[in-house]
């Protein structure tokens with residue numbers, strides 16, 4: 001290293017985290033005598049590269065089948081930079097559910113950023129069949145109304161009574177088909193809670209947080 005205005009600069013990029021003893025030696029020149037600073041007298045401590053992973057106020061989400069839920073969380077490097085490119089993963093999803101992160105990764109030199117996780121919950125396999133059955137029941141039950149509307153004014157009371165009866169029967173049939181009489185969930189399924197584990201990995205450092213997903 002050369003002296004510049006009496007100062008020498010040394011840059012190291014391969015020092016691991018922890019304490020390091022340094023030995024500095026100046027060989028001298030025509031104007032100055034040589035000098036050596038022993039390693040026991042100079043200690044350099046390298047802080048480990050790490051980051052924090054914290055969730056925002058979206059740790060609990062409720063969603064109905066066919067819809068999505070979004071969670072947000074923050075990552076911040078503790079030493080000014082991440083150990084490496086930050087990647088994300090999530091586990092504990094409901095069967096058939098899909099997930100996506102935005103952004104998908106963070107560069108090592110990022111100063112920190114908010115990241116969003118979106119979970120798409122699928123429709124149950126029986127949902128479309130139940131819906132088609134409900135539509136068919138309503139169509140069959142309401143078909144006679146076309147004829148009812150042609151009744152004479154003298155039969156208004158009977159027409160209203162018939163309409164009310166049809167509506168009651170239709171509601172009963174739909175409830176039976178949808179399974180609402182046996183469950184409080186959508187499409188006749190029981191609501192269920194899922195614990196999702198979000199993991200962020202950067203270099204050899206890894207942190208995780210848990211969030212909750214309630215599927216109605």
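Data for the structure
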| quantity | calculated |
| --- | --- |
| Point-to-point label distance, residue 4-residue 195, nm (Cα→Cβ direction, 7 Å offset) | 5.5 |
| Label-point separation, residue 206 to residue 89 (7 Å along Cα→Cβ), nm | 0.6 |
| Extended-chain gain in nm, criterion 0.36 nm per residue less alpha-carbon gap, residue 27 and residue 14 | 2.1 nm |
| Sequence of 205, 46 once ranked by neighbouring C-beta atoms within 10 Å, starting from the fewest | 46, 205 |
| The stretch 1-124: relative contact order in percent, alpha carbon pairs under 8 Å with at least 6 residues between | 21 |
| Computed E for residue 81/residue 56 - FRET, C-beta separation, R0 35 angstrom, nearest 0.05 | 0.90 |
| Residue 123/residue 102 FRET efficiency (R0 25 Å; Cβ-Cβ; nearest 0.05) | 0.60 |
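Where a number appears in this text, it was derived from the coordinates with a stated rule and is not lab data. The model shown is predicted, which means the values in this text are computed figures rather than measured ones. All Cβ positions, even for glycine, are placed from backbone atoms using ideal geometry, and neighbour counts span all protein chains on display.
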